[in-house]
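All of the numbers you see were taken from the coordinates with simple rules; none came from a lab. Just so it is clear, the model here is predicted, and its values are computed rather than measured. As a convention, Cβ positions derive from the backbone with ideal geometry for all residues, glycine included, and neighbour counts pool all protein chains shown.
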Amino acid sequence: MVSALATLPLLRQHIAAEEDLLTVVVNARSRVEANLALGILREKLPEKVLVAALNLREVLDSLPAYPCSMAVDEAMLARVSGLKKIRSAWTKTLADDDGIALNVTTAGNFCFDLVLEIDGTTYFWTPSTADEDIVNPGLLAMLLDRKALLPAVIALAKDMGLVFNPRFYMSLDDWNLDHLQDSFEDLQSLF
């Protein structure tokens, strides 16, 4: 995880050049779509940037999809994470960035959703098109711009007692070999 997050500055530097296609690589639920976008981007961007995008994709895909069951109950989560109950959500403002608040709606050991407040704007972690995107597309720019955000979301998932073990790739070939079968099956299902 540390290595995958360490490559985010490289991705930040190049995101403006091909934002739409990089967004598909990072956030498309379909590996076929991600692979097609990756194929186009291979001619336009350095491999290091594309590998950084794939590693971010793996980090996001390894985080829980909400709603989900937690390995701890809400009282334990609040104690471990430093969350405070405000109305119907458990909330925490980040110490590293006071413009960001994490809000978790829970019942017992069940988490309904993660809601992020960033500079007064609310974002649900779960996208409205959950079958198409991994996370809310509006959050992608925030995850790159706000350095404290992604580590805080990862820490929250760990505090929930959930397994967080993303794959880490060193090259595009590593990713292609790892996902070749899945991409082929996804492509076959289209026809």
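Using the Cβ atoms and a cut-off under 13 Å, what net charge is assigned to the surroundings of ALA71, where Lys and Arg are +1 and Asp and Glu are -1? Please list the in-between numbers first.
Details: positive: LYS158; negative: ASP73, GLU74, ASP159.
Neighbour charge sum, excluding ALA71 itself: -2.
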Roughly how tilted is helix 149-159, in degrees to the nearest 10 and between 0 and 90, from the longest Cα axis of the chain? 60 degrees
Percent of all alpha-carbon pairs of the range 75-117 at distances over 12 Å, whole number, is 57 percent
Of the lysine pairs in the chain, how many meet both conditions: Cα atoms under 30 Å apart, and a spacing of 8 or more in sequence or different chains? 11
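To the nearest 500 deg cm²/dmol, what mean residue ellipticity at 222 nm is calculated for the chain from DSSP H runs of n ≥ 4 alone, each contributing -39,500 (n - 2.57), summed and divided by the residues? Can you show the working numbers first?
On the way: 9 runs with 95 residues, N = 191.
That comes out to -15000 deg cm²/dmol.
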Going by alpha carbons, how many degrees (0 to 90, nearest 10) lie between the helix axis of 47-62 and the longest principal axis of the chain? 40 degrees
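Determine the shape class of the range 47-154: with a ≥ b ≥ c the square roots of the Cα gyration tensor eigenvalues, call it rounded for a/c under 1.5, and otherwise prolate if a/b is greater than b/c, oblate otherwise. List each step's numbers first, then the result.
Working: a/c = 1.82, a/b = 1.46, b/c = 1.25.
Because a/c hits 1.5 or more and a/b exceeds b/c, the range 47-154 counts as prolate.
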From the Cα centre of the range 5-34 to that of the range 40-62, the distance in Å is 6 Å
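Express in nm, to one decimal, how much length is gained between ALA65 and ARG12 on full extension, taking 0.36 nm for each residue of separation and deducting their alpha carbon distance.
Values: separation 53, 0.36 × 53 = 19.08 nm, distance 2.46 nm.
Computed gain between ALA65 and ARG12 is 16.6 nm.
Can you compute the charge dipole magnitude of the chain about its Cα centre, using +1 on each Lys and Arg Cβ and -1 on each Asp and Glu Cβ, nothing else charged? Give it in debye, rounded to the nearest 20. List each step's numbers first, then the result.
Details: 16 positive and 27 negative charges, 138 e Å.
Value, rounded to 20: 660 debye.
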Counting other Cβ atoms within 10 Å of each Cβ, which trypsin sites (Lys or Arg not before Pro) in the range 73-134 have at most 12 and sit in a DSSP loop? ARG87
Under a point-charge model restricted to the Cβ atoms of Lys and Arg (+1) and Asp and Glu (-1), what is the dipole moment magnitude of the range 68-159 relative to its Cα centre, in debye to the nearest 20? 400 debye
So what is the diffusion coefficient of the chain in µm² per second by Stokes-Einstein at 20 °C and 1.002 mPa s, using a Kirkwood Rh over Cα pairs? 123 µm²/s
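Test of understanding: what is the full-extension gain from ALA148 to PHE168, defined as 0.36 nm times their sequence separation minus their Cα-Cα distance?
On the way: separation 20, 0.36 × 20 = 7.20 nm, distance 2.05 nm.
The ALA148-PHE168 span can extend by a further 5.1 nm.
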Farthest toward positive dipole pole in the chain [+1 Lys/Arg, -1 Asp/Glu at C-beta], among ALA6, HIS179, LEU38: ALA6
Extreme residue, positive dipole direction of the chain, given options PHE164, CYS68, SER88 (C-beta unit charges): SER88
Just to confirm my numbers, what's the Cα centroid distance between the range 105-180 and the range 80-98 in Å? 17 Å
Percent relative contact order for the range 68-159, counting Cα pairs under 8 Å at least six residues apart, stands at 20 percent
